[in-house]
Amino acid sequence: MTDRQESALLLLPGLLLLAGAFLVPILQMLALSVAGPDGGWTLDHFRRFLGDGFYLAVLARTVRLSLVITAICLAVGFPMAYIMARARPRPRVWLIVLVILPLMTSVVVRTFGWMVLLSRSGLVSGLLRDFGLAPRNFALMYTETAIVIGMVQVLLPFMALSILGVILRIDPRIEEAARTMGCSFLRALAAVVLPLSLPGIVAGSLLVFTLSASSFVTPNLLGGPRVQVLAASVWRAVTQTLDWPFAAAQAVILFAGVLAILVPYIRIAGRGHG
Amino acid sequence: MVRAVPPALRVAAVVFVALTAVFLVGPLVVVVGVSLSESQFIAFPPAGLSLRWYDRVLSSEAFLAAGWLSLRLALLVTLSATLVGGAAAIAIHRRRLPGGEVLGALFLSPLVLPTIIYAIGMLMLWSALFGPVSLAALWIGHTVIAAPYVVRTTLAVLADSDPFAEEAARTMGAGRLRRLWLVVLPQCLPGLGAGAFFAFNLSFDEAVLSLFLRRPGLTTLPVQIYGQLEFSPDPSVAAVSSLMIAVTVGLIVVIDRIVGVQKVAST
Amino acid sequence: MRNTVLLSVSAAAALAAAAASAQTITINSFGGRYEEAHRKCVIAPFEAATGAKVQIVTAYSADAFAQLRAQAAAPQFDVIHFSGGQEILGAKEGLLAPIDAASLANAADLVEVARPNLAGGQGPAYSIVALGLVYNSQAIPAPPTAWADLARPEYAGNLVLTDMSNTYGLQGFLMLNQVLGGDMTNIQPGLDAVKTMLDGGAVVVSTSPEIMQEFAQNEAWVAPYSSDYAFTLREAGLPVVFARGAEGTPAVFITANLVANRPNAELALKFIDREISPEAQVCFAGEMRYAPTNLKAELTGAVAEDTPYGAEALGSLLRFDPTVIEANRAAWVEAWNRTIAR
């Protein structure tokens, strides 16, 4: 057996699964996006989306929110991962438990927790009003901010754990060496740990970005019907207006939009690392 | 001589962790609070204290059956997704195959599309090929959306592994299986562990595929919760979640007593 | 000779009986309290009477329809229930089977509008949900009496609207539109009013639990919504009152439909027949305050006060033409989305 055969053998189950159980059903579904009414094919569904300011705004909001969510997850997740990695094992365990706890609750119920906190008479909105930071009758609920808050809580574990896995493998002595040679703590962090943890940052950002772009439940409940994201719009087309071809077209556009951002990102990140 | 971490930064770290903790745990406190409420509403702070919603859930056959099904399904999915995704990640990492980058992107694609599109497509295909849906359909569907997590986390860990370790083992005469088992697998372990954890959670909390791929007797816990909400939106759904939190934390404590979590966490 | 014939006939009869007792049908129900009522009023008596087994999938109309359509190759439901008018599209796409009115013993007793197109595949309505003004009797300064009251500026900050993706939301909107001078060809007056309400601080929700949340926690005063949910809220202990608007009461029909290409049509029809029987409907009215569609159903006491029944009361209910709704739904939803988008 050659090396190439061995790799192919390892890849085979995954490829079979992906081809048979994902690509076939999904392509059959996405093919609807170009299906014309009389059996021919058409680009009308795409034209309808791309020629409509409302849908374009939904797309723009989806991308914008996903970027913001990813950036916040990174800004919180990296220091969190670093603290976890350098903590003693026992506190580390409890930090890990803390970070993954939100994943343990059903998404619907957890989102209800946020709804209670962010609604008009909820704790958070109330505090903001008490401190004079928000007008009377103000509620965080049903705003883009609510979506960001809810999504960061769910997606932070993906970022923190992805980075943690990599930082744990960085030899602490490299960091020490940098400090011995006169680097301040923060400089050592920026010059040694950050570049070395790049694979974890890339993996985490990829997960967080794609998941926030395609999530439905949390954005739909916290944003409400007035602040729609693309995945919610797809859901509506499938179950409410029952326009499956248009739902498929929106899914294709979401897919293309996410790829258009991810591919250059992977390229740049890969180059920077390699 | 290495200077110690500046005290100001230590304080900042503690404050940072505390704030993050409040942010992460806040809604969970609300959920637990709601579950203890005397009243019928999902409201916080709870009005009166009572365990009646726990009683309701634990004596409900529908909830117990759904919980049991979700648990079995999540374990199956963890196993299959870790095996399939881990193997694929190793193969992609070695870059001996053409189009490695494309493959990596391909394995991420199930995460990019809204699950409902996949759920409908899967249901159409399964109905046309096999007729009624079954646990197998759910298992396969969940594996498809869980495997990408394992691929990603494993690839991330492998990216930093020593590429020459396997070469060294080969030089010393280790066979393919031995190299995989003794060199590559230990290198992947943190990634596989994180991936398996995500896979379990994803499957346990997945509501969209489970919503459409269902038939009588095949109702998972999230779907049961969702079905309960429309006409009886009472704190029993919060009680289910609180039980899930308690079980998880309890499990971690037990593992800690038996094996010592430090070992698990420091791999 | 005769003996053997007799024997084989009785053996066949025994076999048929055994087969019948082992028969099962699969239906969808709507979960929670609704499902409990469904069990009590229809399913349990049906199982007792026929010896058949009824399997339930908890699925709301929209999800159930998506499942039905995707499973067209091998449907799993025998009887499927819809509250959002999905039966029209289902019948058009051939997913639902035509029903011969003669095969339902109770069909003749149904009010006319509850069986608009049995032969075309649209199943009969077995419950009617009345839409009106749901308000918090303790918090609201002056209770609303008419649909037009919803536009009162002093309500706006405590008004809860429901998204058009929800059947009740759609029907309530059409009613508002109508009292403000619009009709089924022009929904602009309704949209303009909604815009003003939103600017005044009204919120839009899309699910029933959110409505409960608004009333229980967020000082909601009034919401155009359904009688069954108002009853659910009241049973949960909220001071909520359901009032019919002076201009009329729109009605949402819950229908029972026979799924095409299933082997158990006969048993499924018996099930549907049970749902449109007076006994089942009286029971449903008691549990959920649904109006019966069977004219022979007699309600008494508190139930009768809350629930319209009989030819005259049902005749006074408004029904927006479901075929017109179906034809315009996509365009309306888009116009609605544009109006409410921030």
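The values are calculated or read from the model by the stated rules, or taken from the named source; none is laboratory data. Note that the structure is a prediction, hence the values are computed from the model and not measured. Don't worry about glycine lacking a Cβ; one is built from the backbone with ideal geometry, like all the others, and counts go over all protein chains shown.
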- Among the candidates B:Val112, B:Val183, single out the residue that is aliphatic (A, V, I, L, M) and either touching a His at 6+ places or on another chain (Cβ under 6 Å) or over 27 Å from B:Asn201 (Cβ atoms) (or both). B:Val183
- Taking only region B:124-148 into account, find how many residues are at the interface with another protein chain (Cβ under 7 Å from one of its Cβ atoms), over 19 Å from B:Ser70 (Cα atoms) and in a helix (DSSP H, G or I). 4
- Determine, yes or no, whether B:Ala199 is small (Gly, Ala, Ser), surrounded by fewer than 23 Cβ atoms within 10 Å (Cβ to Cβ) and within 22 Å of the chain's Cα centre (by Cα). no
- Query: Among (1) surrounded by fewer than 20 Cβ atoms within 10 Å (Cβ to Cβ); (2) of a type in the set (Ser, Thr, Tyr); (3) touching an Asp or Glu at 6+ places or on another chain (Cβ under 6 Å), which single condition is C:Ser316 missing?
  - Reply: (3)
- Output yes when any residue across region C:315-322 is more than 20 Å from C:Met175 (Cβ to Cβ), assigned to a loop (DSSP other than H, G, I, E, B), touching a Pro at 6+ places or on another chain (Cβ under 9 Å) and not small (Gly, Ala, Ser), and no when none is. no
- Message: On the basis of being in a helix (DSSP H, G or I) and free of Cβ contacts under 8 Å to residues at least 40 places away in the same chain, does A:Leu27 make the cut?
- Response: yes
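Please verify whether B:Ala207 is within 14 Å of chain C (Cβ to nearest Cβ), farther than 20 Å from B:Asp162 by Cα and either within 15 Å of the chain's Cα centre (by Cα) or of a type in the set (Gly, Ala, Ser) (or both), treating the condition exactly as stated.
It is true that B:Ala207 is within 14 Å of chain C (Cβ to nearest Cβ), farther than 20 Å from B:Asp162 by Cα and either within 15 Å of the chain's Cα centre (by Cα) or of a type in the set (Gly, Ala, Ser) (or both).
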- Item | Cross-chain or 6+ apart pairs with Cβ under 7 Å, region B:22-40 first and farther than 14 Å from C:Gln217 by Cα and surrounded by 21 or more Cβ atoms within 10 Å (Cβ to Cβ), then at pLDDT below 90 and of a type in the set (Lys, Arg) | B:Pro27/A:Arg110; B:Val31/A:Arg110
- Exactly one of C:Pro308, C:Pro263 is without any contact (Cβ under 8 Å) to a residue 12 or more places away in the chain and either in a loop (DSSP other than H, G, I, E, B) or of a type in the set (Asp, Glu) (or both), and that one is C:Pro263
- Query: Going through region A:80-127 one residue at a time, which ones are under 19 Å from A:Thr218 (Cβ atoms), within 7 Å of chain B (Cβ to nearest Cβ) and either over 23 Å from the mean Cα position of the chain (by Cα) or in a loop (DSSP other than H, G, I, E, B) (or both)?
  - Reply: A:Thr105, A:Ser106, A:Val116
- Task: Search region A:229-250 for residues that are without any contact (Cβ under 8 Å) to a residue 40 or more places away in the chain and pair each with any residue that is outside any helix (DSSP H, G or I) and surrounded by fewer than 24 Cβ atoms within 10 Å (Cβ to Cβ) when their beta-carbon atoms are under 7 Å apart and the residues are at least 6 apart or on different chains.
- Result: A:Ala232/A:Phe216; A:Trp235/A:Phe216; A:Arg236/C:Ser165; A:Ala237/A:Asp243; A:Gln240/C:Ser165
- Item | Filtered residues of region B:4-33 (kept if over 22 Å from A:Ala81 (Cα atoms) and more than 7 Å from chain A (Cβ to nearest Cβ)) | B:Val29, B:Val32, B:Gly33
- Note on the structure: Among helices (runs of 4 or more DSSP H) entirely inside region A:216-274, those with 3 or more residues being within 18 Å of the chain's Cα centre (by Cα) and under 28 Å from C:Glu87 (Cβ atoms) are A:230-239
- Within region B:45-58, restricting to residues that are assigned to a loop (DSSP other than H, G, I, E, B) and within 10 Å of B:Pro235 (Cβ to Cβ), the one that is nearest to the other protein chains (Cβ to nearest Cβ) is B:Pro46
- Task: Looking only at region B:96-107, decide whether some residue is among the basic types (Lys, Arg), farther than 19 Å from B:Ala207 by Cα and more than 7 Å from chain A (Cβ to nearest Cβ).
- Result: no
- Query: Of all residues in region A:1-41, which are loosely packed, with under 15 Cβ neighbours inside 10 Å and more than 14 Å from chain B (Cβ to nearest Cβ)?
  - Reply: A:Gly36, A:Pro37, A:Asp38, A:Gly39, A:Gly40, A:Trp41
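B:Asp160: more than 14 Å from chain C (Cβ to nearest Cβ), under 25 Å from the mean Cα position of the chain (by Cα) and at pLDDT 80 or above, yes or no?
Working: more than 14 Å from chain C (Cβ to nearest Cβ): yes; under 25 Å from the mean Cα position of the chain (by Cα): yes; at pLDDT 80 or above: no.
So B:Asp160 does not fit the description; no.
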- Item | Residues being in contact (Cβ under 8 Å) with a residue 12 or more places away in the chain and not small (Gly, Ala, Ser) - total across region B:154-169 | 6
- Could you tell me whether region C:90-98 includes any residue that is crowded, with 21+ Cβ neighbours inside 10 Å and in contact with an Asp or Glu (Cβ under 8 Å, 6 or more places away or on another chain)? yes
- Item | Within region A:130-201, helices (runs of 4 or more DSSP H) holding 2 or more residues that are modelled with pLDDT of 85 or more and more than 11 Å from every other protein chain (Cβ to nearest Cβ) | A:144-167
- Message: So C:Ala302 ticks every box in (1) assigned to a helix (DSSP H, G or I); (2) of a type outside the set (S, T, N, Q); (3) outside the structural domain of C:Gly201 (by TED's automatic domain parsing); (4) at pLDDT 90 or above but one. Which box is left unticked?
- Response: (4)
- Message: Just checking, does region B:96-117 include any residue being among the basic types (Lys, Arg) and under 27 Å from A:Phe209 (Cβ atoms)?
- Response: no
- Message: Pull out all pairs, ordered by first then second residue, where Cβ-Cβ is under 7 Å, the residues are six or more apart or on different chains, the first lies in region B:83-95 and is of a type in the set (Lys, Arg), and the second is in a helix (DSSP H, G or I).
- Response: B:Arg94/A:Ser7
- Checking B:Arg152, B:Arg170 in turn, the sole residue that is surrounded by fewer than 24 Cβ atoms within 10 Å (Cβ to Cβ) and among the basic types (Lys, Arg) turns out to be B:Arg170
- Task: Could you list all residues from region C:268-290 that are out of contact with any Phe, Trp or Tyr (no Cβ under 9 Å at 6 or more places or on another chain) and among the charged types (D, E, K, R)?
- Result: C:Asp273, C:Glu279
- Does C:Phe231 meet the test of being crowded, with 18+ Cβ neighbours inside 10 Å, within 12 Å of chain B (Cβ to nearest Cβ), touching a residue at least 24 places away in the same chain (Cβ under 8 Å) and over 30 Å from C:Ala72 (Cα atoms)? yes
- Query: Which one of these does C:Asn186 not meet: (1) within 28 Å of C:Asn117 (Cα to Cα); (2) touching a residue at least 12 places away in the same chain (Cβ under 8 Å)?
  - Reply: (2)
- Item | Complete set of residues in region B:210-231 that are closer than 22 Å to B:Ile42 by Cα, facing chain C (nearest Cβ under 9 Å) and β-branched (Val, Ile, Thr) | B:Val223
- Message: Between B:Leu64, B:Leu71, B:Leu113, B:Leu106, which is under 27 Å from the mean Cα position of the chain (by Cα) and within 21 Å of B:Phe197 (Cβ to Cβ)?
- Response: B:Leu71
